[in-house]
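Worksheet: one structure, shown below.
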Amino acid sequence: MTTPSDSFAATRDRSDELAAEVAAHPDRFRVLTGERPTGRLHLGHYFATIRERVRLQALGVDLWVILADYQVITDRDSLGAVRENVHSAVLDYAAAGIDMTQATIFTHSAVPALNQLMLPFLSLVTEAELHRNPTVKTELAASGRALSGLLLTYPVHQAADILFCKGNLVPVGKDQLPHLELTRVIARRFNERYGHVFPEPQALLTSTPEIPGLDGRKMSKSYGNAISLSMTADETATLIRRTPTDSTRTITFDPESRPGVSALLTTAALCLGSDEQTLADKLGDSGSGALKKLATEAVNDYFAPHRARREELAANPDFASDILRAGNHRANEFAERTLGEVRTAMGTLY
Ligand code: TRP
C-alpha cells in the first residue's frame, strides 16, 4: 500500500492535470464532499472548501455535499446542537453561492442504503489497515479518549459516502487523503471480487493552506479561535480584539514565535486577496492595534454580502429543511439504486 507521503506527492503532481480535465469536461465529474456538523462553519471552511465547491459547480460539475452527522460521534458522546449546525451550514452554502437547485445536500442519518454499504465495505479492509490511518491516529490523540469502533472505521463509512453516489472527484485537504486512498482501495477490491460497480474517485487537492485560528492553533470552534461565517460584524470585532498578540510594535509574519500576529495577517490577507508579507510591510511599526483594525475591517467587508444574504435566507424558517428534504430524497433514490447493483453483484437478491 502507498504511504501517506507518496499519496500526497502523487496527488499534488496529478492535481494540475486533473483541474484541466475538470475545466474541459465538467459533465464527466460528480463531486462528493462534505463536513462534520460539529459547530458553525467558519472562515477556515470558507476559504479551504466552500469557495472551491462554488467554483467547481460554476464550471458545471454535479455537486453533492454530505453533512456527516454520524461522524460527529466518532470522538465524542453527544451530537450537540446537530440540527442547528446542519441548518446553519445549509444557510452558509446558499449564501456562499452554491446553486441549491442543482446541488444535492444531504445527511448521513437520512440515507439508510448508504449506511448499509458499510457492511460489505468493512469486509474489504483489514484491521491493520484501519489502525495505520494517520488522520485517525491524530484525531484519536486529540480526543484524549479511548478509540471508539466508529472512529476506527469511519474512513470506511466515508468511502460509502463517496461511492454510493459514484462520486469520482473529491476536493480534499491533505488530512483527508488517507481516507480517499482507502476509498480507492475499497472500490478496487469490490470490483475485483464481485464485478465492476464503483469508480475509483480522484482527489483534487485544494490549494489554500490550512488557515490558523486566531491564536495560531488549528481553527476550531472548541478553541474559541474561529470566526464563524454567521457572526455579526460586532462579534467578529470582539473576537479579533481578544486575540492574544504581543507588545512588539513592528508587525512581522512569524507563525512560530508570533502566532496571534501571524494568524491575523493570514486572515486579513485572505480577505484582501493580498499576502502576509505585503500587509506586514505596510503596517510597519504601527502595532497590533492597527493590525487588529485592519483584520476586522477586512473580514467584515469581505463577508458583509454573505452575511446579508444569510440573514435574508434565514428569515424563511423552512428554507434549510426544504433543501434537506429534497437532497435526502435524491440521495435515497441514488443510494437504493447503487445498493441494488451491489446486491446483484454479490448475488444477494432473493
Ligand atoms: N471527514 C470529513 C471532515 O472531517 C467530512 C466528510 C464526511 C467527507 N464524509 C466525506 C469529506 C466524504 C469528503 C468526502 O471534514
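For the reader, a short list of remarks on this structure follows.
- Working from Cα pairs under 8 Å separated by at least six residues, relative contact order for the stretch 52-167 is 34 percent.
- Membrane-span-like helices of the chain, defined as complete DSSP H segments with a Cα extent of 15 Å or more along the helix axis and a mean Kyte hydropathy of at least 0.0, are identified as 82-96, 149-163, 259-272.
- Per residue, the convex hull spanned by the Cα atoms of the stretch 221-314 measures out at 88 cubic angstrom.
- Taking the Cα centre of the stretch 221-314 as reference, the dipole from Cβ charges on Lys and Arg (+1) and Asp and Glu (-1) amounts to some 260 debye.
- Over the chain, relative contact order from alpha-carbon pairs under 8 Å, at least 6 apart, %: 22 percent
- Nonlocal amide H pairs with residue 218, under 5 Å, H built at 1.01 Å: 213
- Relative contact order of the stretch 221-314: 31 percent, from C-alpha pairs under 8 Å at least 6 residues apart in sequence.
- Between the listed residues 220, 255, 22, the Cα displaced farthest toward the positive end of the dipole of the chain, a dipole computed from Cβ unit charges relative to the Cα centre, is found at 220.
- Sites matching GluC sites (Glu not before Pro) across the stretch 199-280 that sit in DSSP coil, with at most 16 neighbouring C-beta atoms within 10 Å: 210, 256
- Rounded to the nearest 5, the antiparallel percentage of DSSP beta bridges internal to the chain is 10%.
- Positive-end residue of 88, 56, 108, charge dipole of the chain with Cβ unit charges: 108
- Test item: Cα-centred dipole of the chain, Lys/Arg +1 and Asp/Glu -1 on Cβ, debye: 420 debye
- Simple point charges give the picture: +1 on the Cβ of Lys and Arg, -1 on the Cβ of Asp and Glu, and for the stretch 83-149 a dipole about the Cα centre of about 200 debye.
- Ordering 98, 266, 155 by the projection of their Cα atoms onto the charge dipole of the chain, which places +1 on the Cβ of Lys and Arg and -1 on the Cβ of Asp and Glu, puts 155 at the extreme positive end.
- Lys-Lys pairs in the chain that are eight or more residues apart or on separate chains and whose Cα atoms lie under 15 Å of each other come to 4.
The numbers here are math on the coordinates, done by the rules we state, and not lab data. Quick caveat, the model's predicted, so the values are computed rather than measured. Cβ atoms come from the backbone with ideal geometry, glycine included; neighbour counts cover every protein chain shown.
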